[in-house]
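Asker: Mind looking over this structure? Questions follow.
The values are calculated or read from the model by the stated rules, or taken from the named source; none is laboratory data. Given the structure is predicted, the values throughout are model-derived calculations rather than measurements. Here the Cβ positions follow ideal geometry from the backbone for every residue, glycine too, while neighbour counts run over all protein chains shown. Please note that ligands, DNA and RNA were not included when accessible areas were found on the heavy atoms of the full protein model with its side chains. Shrake-Rupley method; radii C 1.70, N 1.55, O 1.52, S 1.80 Å.
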Amino acid sequence: MARAILATPTVESLRSNNARSRRIVDKIATAALWGAASTIVLMLILFVVYLFVQGYSAISWHFLTGYPSAANAGGGVGPEIFNSFYILFLTLCFTLPIAVLAGVFIQEYAGPGRFRDMVEFSAESLATVPSIVMGLFGLIVFVQLFHWHFTALGGALTLTLLNLPAMMRVTQQALASVPQTYREASMGLGATKWQTVLRAILPSAIGPLTTGVVLVSGRIFGETAALIFTAGASVSYGASAYDFNPFHTAETLAVHLYSTHREALVPDADQIANGSALVLLVMVLVFNVVARVLGRQLTVRLTGKA
Amino acid sequence: MMVETPETRSPSLRSKMKIDDLNVYYGAFHAIKRANLDVPDRRVMALIGPSGCGKSTFIRALNRMHDLTPGARVTGTVTLDGNDIYAQGVDPVTVRHRIGMVFQRPNPFPKSIFENVVYGPKIHGEHNGKRLQEICEKSLHAAALWDEVKDRLNRSALDLSGGQQQRLCIARVLAVEPEVILMDEPASALDPIATSKIEDLIGELKKDYTVVIVTHSMQQAARISDFTTFFLLGDLIEVGTTSDIFTRPTDKRTEDYITGRYG
Amino acid sequence: MVGVRANKAHRDERVALGFLMSSSAIFVLAIVLILAFLAYNGTLLFWQDHVSPLTFLFGTDWDGFGGQFGAAPFIIGSLVATGFAILVGGPLGVAIGLFFSELAPKRVAETFKPAIEVLVGIPSIVYGWLGLTLLVPFIARTFHAEGDGLLAAGIVLSIMILPTVISLSEDALRVVPNSLREGSAALGATRWETMSRVLVPAAASGLAVAVILGVARAIGETLAVQLVLGNAAVVPKSLLAPAAALTSEIVMDMGDAPEHSAFRHALFSMALLLLLIAMGLITLIHLALRRRTT
Ligand SMILES: Nc1ncnc2c1ncn2[C@@H]1O[C@H](COP(=O)(O)OP(=O)(O)OP(=O)(O)O)[C@@H](O)[C@H]1O
Ligand SMILES: [Mg+2]
């Protein structure tokens, strides 16, 4: 009956009427998708090669460690590199505990409810605040209200706000990768929830957690817009290039690239910018490699699985 | 009086599909081992066997679904009307056009009922709105669903009950006018009433289609099929008319299974 | 003895919960403070300096020291650059997301994915520098123009939003159940037909979220845009003419605008506007996701 009312096709070969054109469309679409994905890789290769070619002649020991120069050629970026790491360090000091604890709360403790929704919504909102807007918030609070002027600490606190959501997300994903059976096993042995988190869950999540933290650190290292008006666009000329006082102004390498381009009087500004861009790129690559290697090592060491 | 078996009803029984030396591997795991089978035209062939024996693996080899599974590899030949569907140059898309499949869990697209049914005809080149309406109505009739949905063809298919969704999926396959319909436990996710509707429908379908159906229920195999094939641990153990398999199996293992000794 | 230990564990548990909850509360506090401070400082221009919000939003004359606060050129610049980025980067990102979820062999995915992660990690100032030294001269040569302007900014932004759009669309496509892929294939659909007619519609709300987050990233991007826009505070006449955006103007002028001046307040108003757009996008995302669940 079914067949009787549907016109019976008499296809004898394994082909149908429009199969050919459809196959061609499919081939073209597939090729286009491959092409689109390849452009990503080609683009990255282009960027890396270009930055190396432009920047490598600027790199020298003196450039990497020396003071920037106000008016003459030959200035270095020593304090800037130090400041980038120093502000990253300060930022991690604030971000890590808060974000990991909050991540543990959301992932392990909080049942569905108003408080959890509020925290998650806040994190999402915080994550979409543009960094320049966060920079102005830092300016309003730390510079205008607290009268700190431009400081490493103010910059680090601003970056903390900017990166809390990403760190929390990283923590949540790392915790989610821990099999449910670990929790049950630990709780089954009479451990409290907190003991379970500390002794069973966090150690097994340490690999992916480290990978995520290092990747986010890479982004903190290169942040610019949020720092220009909080940590400042100049370095303090103290006794050494390494100024640990968190209340001193602290231009980072990324900010230096910006300010060199914008207002430098030195004749070799382009050289310095090219060199700074290359150092920033190399740091991104280093952070990526370290994230992978360290994450894998820690996973193997602490959980015994490859 | 003579016992009516499929053979006696139709002496000119023709093979629709022939499976020769079929092997399926998942990576290194040998899931189907040198299976041979003839699928008779316009009959219902049931595949039975304990869980994990390879029924799904086997039936998915019949319309090249394994092409979609990374790591799956198929060797041997499967012919449809004498043409090897795995031969070089054969487009799996055309194969699946002629050999449709209904899955264990109803899988309607998140679209309207109408759009679900005409999805196949549309991609195969039918763009005439009136023709599509006709195809939709006929296919839903044939799947015994028309009366239940005719007033809400533009509602989402996801609002239907599980049994209705499964009949919609059957209608969707009928709409592309295949010659063979493969069904992998089509009723296992349904309640008894929905199941019996599907079983009645299969009885209707075999007048026009060749049906291969995997089932977990031996009663169901006995009710709806003309032939039954028994699998065990990747081996095709025995094939015969359904009445033979259930009343006088030749292999000890088949007997053990149908008498419930494998659980 | 056992009782003492149990008591201690119990107390630890309570203390821990206190820390966990206060850390979480910091997120709420932070966003509330940001909204409050920017709402206050971002409206000083209107009720302290008596500039009409309409003048601010629709006026086209901008002179920070001269008391002219028409921000329309920057609003238009931001919208056009972002729109361009979405028109190019949105479809391209979704296409590459499709590639990773549907086509890429494991080996290929494993080599391409790290490239995307590196692209995410490249600082926006470096993108700006690449745009300025690589793209702008290229545009100048191709179109016999200055080179900097909305076209350059749009292209740089397209590239910068790609990683966001790619990874979120891939996620959205991956959660589409495999049964739909199989169902479509079993009806004789080609892979492209399955992708375009089943998977993309089924993942529509997730893909919308991916694109919206791309918008959020593009509209707030500052330095990459500032370096290639040409920074002219006028309504742009063409994609090739120098222009400015909300973000780039803030970064250009903030150092010069004295504290407590209307000039600085106007920049805060621009920041507030950016913040409101970001919050609006978050709301849109929630609407898109709500549609999926119903
Ligand atoms: N994608 C896959 N990758 C690896 N092994 C698989 C895969 N699919 C199935 N298998 C294995 O192949 C064997 C046969 O599986 P199959 O799904 O065909 O069994 P089945 O007879 O359909 O079982 P059931 O009645 O439970 O549906 C099983 O051992 C199974 O674990
Ligand atoms: Mg099965």
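Asker: To check my understanding: the extent here is largest minus smallest coordinate of the Cα atoms along each principal axis. What are those three numbers for region A:165-306, in Å, largest first?
Answerer: Per principal axis, max minus min of the Cα coordinates gives 69, 31, 27 Å.
Asker: Please calculate how many Å² of accessible area region C:83-131 carries per residue, with a 1.4 Å probe and no DNA, RNA or ligand atoms counted. Write out the running numbers ahead of the final one.
Answerer: Numbers: 1650 Å² over 49 residues.
Ligands and nucleic acids excluded, the figure is 34 Å² per residue.
Asker: Let me ask something additional. What is chain A by shape, rounded, prolate or oblate, if you read a ≥ b ≥ c off the alpha carbon gyration tensor as root eigenvalues and call it rounded for a/c under 1.5, prolate for a/b larger than b/c, and oblate otherwise?
Answerer: Details: a/c = 2.30, a/b = 1.38, b/c = 1.66.
Cα axes put chain A in the oblate bin.
Asker: If you project the alpha carbons of region A:95-247 onto the principal axes, what extent comes out on each, in Å, largest first?
Answerer: 59, 37, 23
Asker: Okay, moving on. Give me a comma-separated list of calculated 3J(HN,Hα) values for region B:33-43, in order, Karplus coefficients 6.51, -1.76, 1.60 applied at θ = phi - 60°, integers in Hz, x for any Gly or Pro.
Answerer: So the Karplus estimates, Gly and Pro as x, are 10, 6, 8, 10, 7, 10, 9, x, 5, 6, 9 Hz.
Asker: Something else: Please state, as a whole number in µm²/s, the translational diffusion coefficient that the Stokes-Einstein equation yields for region C:62-293 at 4 °C and 1.567 mPa s, with Rh defined as the Kirkwood radius across alpha carbon pairs.
Answerer: On the way: Rh = 19.2 Å.
Taking Rh from Cα pairs, D becomes 68 µm²/s.
Asker: Let me ask another. Which of the trypsin sites (Lys or Arg not before Pro) across region A:185-259 are loop residues per DSSP, with 16 or fewer other Cβ within 10 Å?
Answerer: On the way: sites: A:LYS193, A:ARG199, A:ARG219; in loops: none.
In loop regions of region A:185-259 (DSSP not H, G, I, E or B), there are no sparsely surrounded trypsin sites (Lys or Arg not before Pro).
Asker: Hey, another quick one. Would you pull out the residues with amide H under 5 Å of B:PHE231's amide H, same chain only if 5 or more places away, H placed 1.01 Å from N?
Answerer: Amide H neighbours of B:PHE231: B:ILE48, B:GLY49, B:ILE237.
Asker: Tilt of helix B:113-123 relative to the longest C-alpha principal axis of chain B, in degrees (0 to 90, nearest 10)?
Answerer: 80 degrees
Asker: Something else about it: Which loop chymotrypsin sites (Phe, Trp or Tyr not before Pro) in region A:114-180, with loop taken from DSSP, have no more than 14 other Cβ atoms within 10 angstrom of their Cβ? Walk me through the numbers on the way to the answer.
Answerer: Values: sites: A:PHE115, A:PHE121, A:PHE137, A:PHE142, A:PHE146, A:TRP148, A:PHE150; in loops: A:PHE146, A:TRP148, A:PHE150.
Counting only loop positions with at most 14 other Cβ atoms within 10 Å, the chymotrypsin sites (Phe, Trp or Tyr not before Pro) in region A:114-180 are A:PHE146.
Asker: Apply the Karplus curve 6.51 cos²θ - 1.76 cosθ + 1.60, θ = phi - 60°, to the phi angles in region B:61-74 and return the couplings in whole Hz, x for Gly and Pro.
Answerer: 6, 7, 10, 6, 5, 5, 4, 8, 9, x, x, 8, 9, 10
Asker: Still on this model: With viscosity set to 1.306 mPa s and temperature to 10 °C, compute the Stokes-Einstein D of the protein assembly as shown, Rh being the Kirkwood radius across alpha carbon pairs; µm²/s, no decimals. Before the final figure, lay out the partial values.
Answerer: Numbers: Rh = 31.1 Å.
For these conditions, the coefficient is 51 µm²/s.
Asker: Could you pull out the trypsin sites (Lys or Arg not before Pro) across region B:134-187 that fall in loop regions by DSSP (anything but H, G, I, E, B) with no more than 14 other Cβ atoms inside 10 Å? Provide the component values of the computation, followed by the final result.
Answerer: Values: sites: B:LYS138, B:LYS150, B:ARG152, B:ARG155, B:ARG167, B:ARG172; in loops: B:LYS150, B:ARG152, B:ARG155.
Listed in order of number, the matching sites are B:LYS150, B:ARG152, B:ARG155.
Asker: Ignoring ligands, DNA and RNA, what accessible area per residue does chain A give at 1.4 Å, in Å²?
Answerer: Working: 13320 Å² over 306 residues.
Per-residue accessible area for chain A comes out at 44 Å².
Asker: Just for the Cα atoms in region B:15-258, what are the lengths along the principal axes, largest first, rounded to whole Å?
Answerer: Its Cα atoms span 53, 42, 29 Å along the three principal axes.
Asker: Moving on. Provide the FRET efficiency to the nearest 0.05 for the C:ARG14-A:TYR67 pair, computing r from the beta carbons and using R0 = 51 Å.
Answerer: On the way: r = 52 Å, r/R0 = 1.03.
It comes out at approximately 0.45.
Asker: Looking at chain A as a GNM with Cα springs under 10 Å, which of A:HIS149, A:HIS256, A:HIS62 has the largest mean-square fluctuation?
Answerer: The residue with the greatest mean-square fluctuation here is A:HIS62.
Asker: Please determine, in degrees from 0 to 90 and to the nearest 10, the orientation of helix B:129-142 with respect to the longest principal axis defined by the Cα atoms of chain B, where the helix direction is its Cα long axis.
Answerer: The answer is roughly 40 degrees.
Asker: Per-residue mean of other chain beta-carbon atoms within 10 angstrom of the beta-carbon, peptide B:142-149? Each step should come with its number before you reach the end.
Answerer: Numbers: counts 6, 1, 1, 0, 0, 0, 0, 0.
Partner Cβ neighbours, averaged per residue: 1.
Asker: Most mobile of A:GLY190, A:GLY154, A:GLY295 per a Gaussian network model of chain A (Cα springs, under 10 Å)?
Answerer: Largest GNM mean-square fluctuation: A:GLY190.
Asker: Mean Kyte-Doolittle of at least 0.0 and a Cα length of 20 Å or more along the axis: which whole DSSP H helices of chain A meet both?
Answerer: Numbers: long enough: A:19-55 (54 Å, 1.24); A:78-104 (38 Å, 1.62); A:114-128 (21 Å, -0.18); A:152-176 (34 Å, 0.96); A:202-222 (30 Å, 1.20); A:269-303 (50 Å, 1.22).
Helices meeting the criterion: A:19-55, A:78-104, A:152-176, A:202-222, A:269-303.
Asker: Something else about it: With 5 Å bins from zero, work out the P(r) of region C:142-254 over every alpha carbon pair and list the percent per bin.
Answerer: Reading upward from the zero bin: 2, 12, 17, 14, 12, 10, 9, 9, 7, 5, 3, 1, 0.
Asker: Another question, then. Got a sec to turn the phi values of region C:83-99 into Karplus ³J(HN,Hα) couplings, 6.51 cos²θ - 1.76 cosθ + 1.60 with θ = phi - 60°, whole Hz, x for Gly and Pro?
Answerer: Karplus values, whole Hz, x for Gly and Pro: x, 4, 4, 6, 5, 8, x, x, x, 5, x, 5, 4, 6, x, 4, 4.
Asker: How many times 2.2 N^0.38 Å is the alpha carbon radius of gyration of region A:115-157? Intermediate values should be presented prior to the final figure.
Answerer: Values: Rg = 12.8 Å, N = 43, 2.2 N^0.38 = 9.2 Å.
It is 1.39.
Asker: Leaving out ligands, DNA and RNA, what percent of the accessible area of chain B is carbon and sulfur, probe 1.4 Å? It would help to have the intermediate numbers written out before the result.
Answerer: Working: 5490 of 10920 Å².
Reported share for carbon and sulfur atoms: 50 percent.
Asker: Okay, moving on. Can you give me the relative contact order of chain B as a percent, contacts being Cα pairs under 8 Å and 6 or more apart? Don't jump to the answer; show the numbers that get you there.
Answerer: Details: 484 pairs, mean separation 68.5, N = 263.
It rounds to 26 percent for chain B.
Asker: Contact order normalised by length for chain C, with contacts defined as Cα pairs under 8 Å and 6 or more residues apart; what percent is it?
Answerer: Values: 387 pairs, mean separation 78.9, N = 294.
Once divided by the residue count of chain C, the mean separation gives 27 percent.
Asker: Taking both sides together, what accessible area is buried at the A/C interface, probe 1.4 Å, expressed in Å² and rounded to the nearest 100?
Answerer: Values: alone 17820 and 16290 Å², together 27050 Å².
Buried: approximately 7100 Å² between C and A.
Asker: What number, rounded to the nearest 500 deg cm²/dmol, is the helix-based mean residue ellipticity at 222 nm of the protein assembly as shown, given -39500 (n - 2.57) per DSSP H run of at least four residues and division by all its residues?
Answerer: On the way: 37 runs with 510 residues, N = 863.
Rounded to the nearest 500, it is -19000 deg cm²/dmol.
Asker: Would you mind telling me which residue in B:MET218, B:MET183, B:MET45 has the biggest mean-square fluctuation in a Gaussian network model of chain B, where springs connect alpha carbons within a distance under 10 angstrom?
Answerer: Looking only at B:MET218, B:MET183, B:MET45, the largest GNM fluctuation is found for B:MET218.
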